[in-house]
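In what follows, a single structure is set out as structure tokens and then discussed.
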Amino acid sequence: MAKARKWQLLRTRTVWLLLLPLVASFVLFFHATGRMGPGGSGGSAGTLFGQNVPWDVFKTQQDWVFFKLSNRLQGFPPDTLRTLVKEQTWRELLLLHEAKRRRLRVSDRELATFIQQMPALQEKGRFRSDYYHAFLQSKRLTANSFEGLIRNDLLMDKLLDSVKRSVTITDEDVKAAYRETHEQLAAALLVFPPDRYMTDAAAAVTDQAVRAEYEAHPELVTIPAQIRFDYIGASREELASREQPSQDVVKTFYDDHPEAFAAPDGKPTPFEDAKAQVRRRVVESAVRKRLTSLALDLDEDLRAKRAFEAIATTRGVLIRSVGSLPAHGEGPSGNLPQELLKAVRKVKEGQLSDVVETDQGVWVTRLTQRIPEQLPPFETVRATIRDRLMKERARQMARQAAETLRIQLKDRQLFGVGFAEALTALKAQPASSVTLTRADPIAELGEAPLVNRAAFEAPLAGLTDVLETPRGFVLVHPEHRIEPDWTDFDKIKAKFREETLTKKHTAALEQWLKDLEAQAKIEQRKD
């Protein structure tokens, strides 16, 4: 769940805008490993403002984006990481295009000053050219390519700063933002949970209705096509658990790669302090080699058309069986990589897949059975269909009850009848008294941002529309606003002003980037 929330957060433009400033990028940069790739050659990666973007240009920027962000995105599935990096690459190319269109410039002096002020290239606050050249050598970068990429990042920073400078904020804006954040709303709350109508819903769902649903919508109960398969190979996790490098091996690795364990100020980290990190690197290196070797061995076995069982015996790996899993689409994976499922779904019954290599491991699969989709007998699924129809009917009844009461309350309001008096006259359920904020959970409902927003937007003494929430349908009658406590406002005014300005900057950047992307009409080549 934590990883899913993290992914949803990163998908927003706002977070990508926060990833762009150089401070974050270079903290990541000096902890990244690997090297910049040489890029592809020839062809077009797509179009920007109707102009072709050469593949070489795209690939260079993509490698740089990955280089800057890969540490922050560790743990993401490979497909997700590739998608995020690709999106950010196009965004940076768009920003560079706009910066150059505006004729923004980064002088040689600005570039040199920035590089000289990087903490990792300094000793006691002074720039060390030998640190710089050692760094370039360790990352296999030329000075020209590195400085060119940094110059582009500085250009993007200048562009974003120019957008931010267009945003201003007054004392009245700060007060208004504080009031909006801290004010409360006293209201009456009416909730119509579907469970309240389950008895009536059960009476309305007849056996004839259940059978009619079965015949009209067999796809709702059809069991999708399934597959069963075997697989052999090894995961990165299981190989890592077997690695037990000796103290001598760990120390030798440390001695051979001192720059990999340097502190931010460039000084070497003592072995005892870095030992755990060094050991992880040793294990990672050994596992990487073993996975590469296994992939080559399995590929050789497939080319030689060896039997599945013979491969398992020769390579000393267990045959694991899986079934049943959906034969199509993403579907549940049973904790297996989606790449492995994609591979086995493509082969015919009894056939072996190609070698499947992912960040998680290396495998070969054999499809043992394809089970076609099937419609269960009516009696088998009668209870399931009846339960679904009852819940749907109860939800419809809850919505209808809420909409009917709203109409009745609005009619009486027109004749000057108060809300509480109207509820009594209609013999309706009593309302709950609640105090709402714009963001906090609501008693009886929990997290319901739609309700918070609608309640504050509705006029006082009015009535919201019928609002749908996971716990039922809701009506809110706003009664009066409660002013925030201004006692400590002067003490936090400066900090709150800064927070408010940051939010306005983010909103302005997000809207500006959205408009710029619309103008650019980016078209990406799918291949």
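The values are calculated or read from the model by the stated rules, or taken from the named source; none is laboratory data. Everything numeric here is computed off the predicted structure, so don't read it as measured data. Please note: Cβ atoms are built from the backbone with ideal geometry, for glycine as well, and neighbour counts cover all protein chains shown.
Going through GLU110, GLU172 one at a time, which residue ends up being part of a helix (DSSP H, G or I), under 30 Å from ASP440 (Cβ atoms) and over 32 Å from the mean Cα position of the chain (by Cα)?
Of GLU110, GLU172, the one residue that is part of a helix (DSSP H, G or I), under 30 Å from ASP440 (Cβ atoms) and over 32 Å from the mean Cα position of the chain (by Cα) is GLU172.
Quick test for you: out of ALA455, ALA443, pick the one residue that is under 33 Å from the mean Cα position of the chain (by Cα) and exposed (fewer than 15 other Cβ atoms within 10 Å of the Cβ).
ALA443
Which of the residues spanning the stretch 169-219 are surrounded by fewer than 16 Cβ atoms within 10 Å (Cβ to Cβ), within 20 Å of HIS505 (Cα to Cα) and among the small types (Gly, Ala, Ser)?
Answer for the stretch 169-219, where residues must be surrounded by fewer than 16 Cβ atoms within 10 Å (Cβ to Cβ), within 20 Å of HIS505 (Cα to Cα) and among the small types (Gly, Ala, Ser): just ALA176.
Could you run through the stretch 351-392 and say how many residues are part of a strand (DSSP E or B), touching a residue at least 60 places away in the same chain (Cβ under 8 Å) and not hydroxyl-bearing (Ser, Thr, Tyr)?
Counting residues in the stretch 351-392 that are part of a strand (DSSP E or B), touching a residue at least 60 places away in the same chain (Cβ under 8 Å) and not hydroxyl-bearing (Ser, Thr, Tyr) gives 12.
Considering each of ASP153, ASP130 in turn, give the residue that is among the acidic types (Asp, Glu) and within 35 Å of the chain's Cα centre (by Cα). Can you show your working first?
Details: ASP130 fails: within 35 Å of the chain's Cα centre (by Cα).
Result: ASP153 is the single residue among ASP153, ASP130 that is among the acidic types (Asp, Glu) and within 35 Å of the chain's Cα centre (by Cα).
Looking at SER293 and the list (1) assigned to a loop (DSSP other than H, G, I, E, B); (2) free of Cβ contacts under 8 Å to residues at least 40 places away in the same chain; (3) under 18 Å from LEU239 (Cβ atoms), which single condition is not satisfied?
(1)
Only residues in the stretch 451-471 that are charged (D, E, K, R) count as the first member; pair them with residues that are modelled with pLDDT under 95, Cβ under 6 angstrom, at least 6 apart or cross-chain, and list the lot.
ARG471/LEU445
Tell me, which strands (runs of 3 or more DSSP E) lie completely within the stretch 404-521 with 1 or more residues that are under 25 Å from ARG179 (Cβ atoms) and out of contact with any helix residue (DSSP H, G or I) (no Cβ under 6 Å at 6 or more places or on another chain)?
Strands (runs of 3 or more DSSP E) meeting the threshold: 432-436, 472-482.
Checking ALA187 against (1) of a type in the set (A, V, I, L, M, F, W, C); (2) modelled with pLDDT under 95; (3) in contact with a Pro (Cβ under 9 Å, 6 or more places away or on another chain), only one condition comes out false. Which one?
The number of the failed condition is (2).
Scan the stretch 90-114 for residues that are among the β-branched types (Val, Ile, Thr) and surrounded by 17 or more Cβ atoms within 10 Å (Cβ to Cβ) and jot them down.
Listed by number, the list holds a single entry, VAL106.
Going through THR365, THR404 one at a time, which residue ends up being farther than 30 Å from LYS342 by Cα, polar (S, T, N, Q) and out of contact with any Lys or Arg (no Cβ under 7 Å at 6 or more places or on another chain)?
Numbers: THR365 fails: farther than 30 Å from LYS342 by Cα.
It is THR404.
When you scan the stretch 295-318, do you find a residue that is within 32 Å of the chain's Cα centre (by Cα) and over 16 Å from LEU367 (Cα atoms), even just one?
Yes, that holds for at least one residue.
Within the group THR47, THR80, THR14, which residue is over 30 Å from ALA263 (Cβ atoms), modelled with pLDDT of 65 or more and part of a helix (DSSP H, G or I)?
THR80
Whether any residue in the stretch 350-367 is hydroxyl-bearing (Ser, Thr, Tyr) and surrounded by fewer than 20 Cβ atoms within 10 Å (Cβ to Cβ) is what I want to check.
yes
Please indicate, with yes or no, whether at least one residue in the stretch 140-161 is touching a residue at least 40 places away in the same chain (Cβ under 8 Å), farther than 27 Å from GLU510 by Cβ and not in a helix (DSSP H, G or I).
Taking every residue of the stretch 140-161 in turn, at least one turns out to be touching a residue at least 40 places away in the same chain (Cβ under 8 Å), farther than 27 Å from GLU510 by Cβ and not in a helix (DSSP H, G or I).
Out of the residues in the stretch 428-439 that are more than 17 Å from GLU479 (Cα to Cα) and surrounded by 13 or more Cβ atoms within 10 Å (Cβ to Cβ), which is modelled with the highest pLDDT? Reasoning before the result, please.
First, the residues of the stretch 428-439 that are more than 17 Å from GLU479 (Cα to Cα): 428-429, 439.
The next check asks that each one be surrounded by 13 or more Cβ atoms within 10 Å (Cβ to Cβ); those that pass are 428-429.
Details: ALA428: 93, GLN429: 89.
Of everything passing the filter in the stretch 428-439, ALA428 is modelled with the highest pLDDT.
Report yes if some residue within the stretch 228-237 is at positive phi, among the small types (Gly, Ala, Ser) and surrounded by 13 or more Cβ atoms within 10 Å (Cβ to Cβ); otherwise report no.
Yes.
Which of the residues spanning the stretch 458-477 are of a type in the set (D, E, K, R) and either surrounded by fewer than 16 Cβ atoms within 10 Å (Cβ to Cβ) or at pLDDT below 95 (or both)?
ASP465, ARG471
Got a number for residues in the stretch 178-204 being among the aliphatic types (A, V, I, L, M), out of contact with any Asp or Glu (no Cβ under 9 Å at 6 or more places or on another chain) and either touching a residue at least 40 places away in the same chain (Cβ under 8 Å) or outside any helix (DSSP H, G or I) (or both)?
The total comes to 4.
When the residues of the stretch 266-283 are filtered to those that are in contact (Cβ under 8 Å) with a residue 24 or more places away in the chain and more than 18 Å from LYS139 (Cβ to Cβ), which remaining residue is surrounded by the fewest Cβ atoms within 10 Å (Cβ to Cβ)?
LYS267
Has the stretch 377-394 got at least one residue that is farther than 30 Å from PRO470 by Cα and exposed (fewer than 14 other Cβ atoms within 10 Å of the Cβ)?
So far as the stretch 377-394 goes, yes, one or more of its residues are farther than 30 Å from PRO470 by Cα and exposed (fewer than 14 other Cβ atoms within 10 Å of the Cβ).
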